[in-house]
Amino acid sequence: EAGVTQFPSHSVIEKGQTVTLRCDPISGHDNLYWYRRVMGKEIKFLLHFVKESKQDESGMPNNRFLAERTGGTYSTLKVQPAELEDSGVYFCASSREFEQFFGPGTRLTVL
Amino acid sequence: AQKITQTQPGMFVQEKEAVTLDCTYDTSDQSYGLFWYKQPSSGEMIFLIYQGSYDEQNATEGRYSLNFQKARKSANLVISASQLGDSAMYFCAMREYNRGAQKLVFGQGTRLTINP
C-alpha cells in the first residue's frame, strides 16, 4: 500500500511569489490533514478535510493560505503571496480512523 | 484547549540502554488519544504507538512501550535496548475533537541521540 506522498519535497521562492503544495493521501482515506512546523517550534494543525469538505480550518494562519481537495482525492495548499514567516515544513496526513499517517513533508523556504 | 509538554529538548543515551522520553498533557476531555511519532533526519513522520484514554493496559509495540499514568496526565515513551537508528526527533501528540473534526496537538519534541 502506497503511503502519503507530497510534492515537491523542497521549494525555494521569493517573498511575494505563489507556491502550491500537493498531497496525495493513502487510497481510501477520507480524512486529510495539513500541518506545518516553522523553525524551532512545534508542529501546528492547519486544517482537516473529510472527503472534499473542510471539516476544520481553524489553524489556517490567514487568507493568504488556500486549501482545496478536488473530488475528495488529492489536496493542494496554495500560499499567495508568500511571506518570510511562511518558511517551514508542511506536512500532510491522512487517516481512515484515528491513526494519522504522515507524508514526508514539503520544506518551504521563502527568501 | 489541549496542551502537550515535552520538557526534554535533547537526550543522549548509550547504545543498548533503555530510554524514557517524557510527555505530559493537559485536557478536560474524558475521551482522548495519545500518540508518539518519530522523525528521523530524512524528515518523514513515523507513527510509533497509540494509547487511548480508556485503555487499561499500557500500549506496547515491539521495543516501544507507553507508560500511561492517567492521574498524573503523563504518557512517557520507553524505548528498550536502544539502537543507533533510534536517533531522531520524537513528538508526543494528543488527538483533539471539536464538533466532529479531529486534529493532533503536538509537543515541542525531544531530539534523541544514541551514542555507540
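Quick note: the coordinates plus some simple rules give every number you see, no bench work behind them. Keep in mind that what you see is a predicted model, and the values were worked out from it rather than measured. FYI the Cβ positions are ideal-geometry reconstructions off the backbone, even for glycines, and counts take in every protein chain you see.
About its Cα centre, the stretch A:52-111 has a charge dipole of approximately 160 debye under the convention of +1 per Lys or Arg Cβ and -1 per Asp or Glu Cβ, with nothing else charged. The amide H of A:S87, built 1.01 Å from its N in the peptide plane, has A:V110 as neighbours under 5 Å, considering only residues 5 or more places off or on other chains. Residues B:M89, A:M39, ranked from the fewest to the most other C-beta atoms within 10 Å, line up as A:M39, B:M89.
Arranged from fewest to most other beta-carbon atoms within 10 Å of their beta carbon, A:I43, B:I114, A:I26 become A:I26, B:I114, A:I43.
Normalised by 2.2 N^0.38 Å, where N counts its residues, the alpha-carbon radius of gyration of the stretch A:1-98 equals 1.03. Look at the stretch B:102-111: the mean tally of other chain Cβ atoms within 10 Å of its residues' Cβ atoms is 6.
Under the convention that each Lys and Arg Cβ holds +1 and each Asp and Glu Cβ holds -1, the size of the dipole of the stretch B:8-112 around its Cα centre is about 180 debye. With the charge dipole of the protein assembly as shown set up from +1 on Lys and Arg Cβ and -1 on Asp and Glu Cβ about the Cα centre, the Cα lying farthest toward the positive end among the listed residues B:S28, B:S82, B:Y50 is that of B:S28. First check a/c for chain B, with a ≥ b ≥ c the square roots of the eigenvalues of its C-alpha gyration tensor; if it is under 1.5, answer rounded, and if not, answer prolate when a/b is larger than b/c or oblate otherwise. It comes out prolate by the Cα gyration axes.
What FRET efficiency comes out for the pair A:T76/B:E15, r = Cβ-Cβ distance, R0 = 45 Å, nearest 0.05? My answer for the efficiency is 0.55. Each of A:G72, A:S58, A:V19 was placed along the dipole of the stretch A:1-107 (beta-carbon charges, centred on the mean Cα), and the one lying farthest toward the positive end is A:V19.
Charged side chains reduced to their Cβ positions (Lys and Arg at +1, Asp and Glu at -1) give chain A a dipole of some 240 debye around its Cα centre.
The order of A:L111, A:L21, going from fewest to most other C-beta atoms within 10 Å of their C-beta, is A:L111, A:L21.
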